[in-house]
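In what follows, a structure is listed as structure tokens, so that the remarks can point back to it.
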Amino acid sequence: MDQKKSAKPRVVIIGGGFGGLELAKNLKNAPVDVLLLDKHNYHTFQPLLYQVAAGSIAADSIGFPIRRIFTKQDNFRFALAEVQQIHPETNTLTTNIGTIYYDYLIIATGSNTNFFGNKEIEHFAMPMKNIPEALNLRSLILQNLEMSLVTDEPQEKAALMTFVVVGGGPTGVELSGALAEMRQLILMKDYHGLRKHNMKVYLVEGKAELLAAFSAGASAKAKKFLEDMDVTIHNSAHVQSYDGVQLKIDDGTTILTRNVLWAAGVKGEMPEGLPATNITKGNRIQVDEISRVNGYANVFSIGDVAAMITPDTPNGHPGVAPAAMQQGEWLAKNLIRIINNQPTVPFKYKDKGSLATIGRNKAVADLGKLHFQGFFAWLLWGFVHLMTLAGFTNKGTVFLSWAINYFSKNSDNRLIVRYFDIKTRMTDPESK
Ligand SMILES: Cc1cc2nc3c(=O)[nH]c(=O)nc-3n(C[C@H](O)[C@H](O)[C@H](O)COP(=O)(O)OP(=O)(O)OC[C@H]3O[C@@H](n4cnc5c(N)ncnc54)[C@H](O)[C@@H]3O)c2cc1C
């Protein structure tokens, strides 16, 4: 990889997620060379991962090739590279494709699943942060339903048909709703021999309510929607252990299950190289009001991995796509100001509201002072997600899948194309 300084300053962005992409796009007319590095050659639309896992939509429809987004941007280059180490003292990065030089560095590496140090849970529970993990989860769900059809042993059959979602934020709520809907609409239609009442769906949440970041009305309604769909909810409850079949909760409950879906926490993900003093709660990089990493003039961080701690935001901004995108756009403007020796402008977050869907015709929406739930919230959720999805083809494919699923009350994306072995945590597309 070229290490030489180019004539224009080189802005290197690690991560082609919501933040990194927005930053690169907004540098289109800036007097800089942009180099975006990502370990995947595509951008992932994480809000719809759960629909891939539940077999509602195709995996390809929520990914988009990063190069394709920038076809018309002359100052943009992409490299498929995993950054292993940052060297702020020499303005270089160690990557799996060699050393890379930067003038300005932006760390936009997002977050990863947090198992809070519990190795046993990490081994047996299923995370869902990227497309391969969502496909593993889809395989596990479908494999276990198949297995339950041919298993005679009653306890094992019950464990195969029991699904426990851990974490009652938007991802956990959406996932448990999707599983309950699968049971309601698909199970008896396509899995002859299985009974609805034998498939159990549990949702375990540490806080006293679901969707804790939403309004009280939205939290209560989401709970009611899920209870009406026969999801058993354990609030103020924490998973203590899971050994692959027995899940123990600190409210005294033990559940036999072969399916534990972990949506209970995230932590910042970043290459090594920054001192521990730059890392704050949630393994996030502490930055100032212009996203600059404390102590470095030319290193910045945005999105989920960054914590902009100010008197107004003592915990940083929420780990959501709009925050990452707004920080990316804002930082592009500030970088241009810095290069032109102009004063920078502190970041201001515009909270546009929160949406979560529970199932068909069921969603909750908090838009400023406006709170509503049900069909219109569900329509709005669908519209907002379609509009934010990258690529015209993806928008069309997802819309078509939703329409077909809605009217057929079924879905066609339930292929086990990669057999997932929970013991080894390996996938084997050839063996089955
Ligand atoms: C299941 C799920 C559902 C969600 N639902 C919603 C929702 O409904 N609404 C909402 O607003 N938000 C939602 N979020 C959160 C939202 O997706 C994140 O806030 C957003 O993706 C953060 O953007 P980002 O740019 O910081 O990081 P990401 O979008 O996570 O991008 C980080 C990028 O960095 C790359 N990367 C990481 N490490 C390296 C490395 N060492 N070298 C090279 N590349 C690297 C990754 O491959 C990735 O492409 C959801 C998240 C998940 C997981």
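The values are calculated or read from the model by the stated rules, or taken from the named source; none is laboratory data. Please read all numbers here as calculations on a predicted model, not as lab measurements. So basically every Cβ, Gly included, is an ideal-geometry build from the backbone, and we count neighbours across all protein chains shown. The protein model used for the area step is the full one, side chains on, heavy atoms only, and it has no ligands, DNA or RNA in it. Shrake-Rupley method; radii C 1.70, N 1.55, O 1.52, S 1.80 Å.
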Quick count over the stretch 370-393, residues being away from the ligand (no atom under 15 Å from the Cβ), under 23 Å from the mean Cα position of the chain (by Cα) and modelled with pLDDT of 90 or more, is 1
The residue from 97, 107 that alone is within 11 Å of the ligand (Cβ to nearest atom), at pLDDT 95 or above and within 24 Å of the chain's Cα centre (by Cα) is 107
Considering the stretch 106-148, residues that are assigned to a loop (DSSP other than H, G, I, E, B) and among the polar types (S, T, N, Q), and then whichever is surrounded by the most Cβ atoms within 10 Å (Cβ to Cβ), we arrive at 109
Determine whether the stretch 391-405 contains at least one residue that is in contact with a strand residue (DSSP E or B) (Cβ under 9 Å, 6 or more places away or on another chain), open to solvent by less than 50 Å² (accessible area, probe 1.4 Å) and in a helix (DSSP H, G or I). yes
Log entry, pairs with first residue in the stretch 251-277 being free of Cβ contacts under 8 Å to residues at least 60 places away in the same chain, second being within 16 Å of the ligand (Cβ to nearest atom) and assigned to a strand (DSSP E or B), beta carbons closer than 9 Å, six or more apart or on different chains, reads 277/286
In the set 279, 302, the lone residue that is within 19 Å of the chain's Cα centre (by Cα) and either modelled with pLDDT under 95 or within 16 Å of the ligand (Cβ to nearest atom) (or both) is 302
Pairing a residue in the stretch 316-329 that is assigned to a loop (DSSP other than H, G, I, E, B) with any residue that is more than 8 Å from the ligand (Cβ to nearest atom) and β-branched (Val, Ile, Thr), where Cβ atoms lie under 9 Å and the two sit 6 or more apart in sequence or on different chains, gives 316/280; 316/287; 316/309; 316/310
Among (1) in contact with a Lys or Arg (Cβ under 7 Å, 6 or more places away or on another chain); (2) over 30 Å from residue 275 (Cβ atoms), residue 82 falls short only on (2)
Exercise. On the given criteria, is residue 190 free of Cβ contacts under 8 Å to residues at least 24 places away in the same chain and open to solvent by 10 Å² or more (accessible area, probe 1.4 Å)?
Worked result: no
Q: Would you be able to say whether some residue in the stretch 38-60 is surrounded by 23 or more Cβ atoms within 10 Å (Cβ to Cβ), of a type in the set (A, V, I, L, M) and over 17 Å from the mean Cα position of the chain (by Cα)?
A: no
Checked 231, 239, 260, 201 against criteria (within 16 Å of the ligand (Cβ to nearest atom) and of a type in the set (Val, Ile, Thr)); the one match is 260
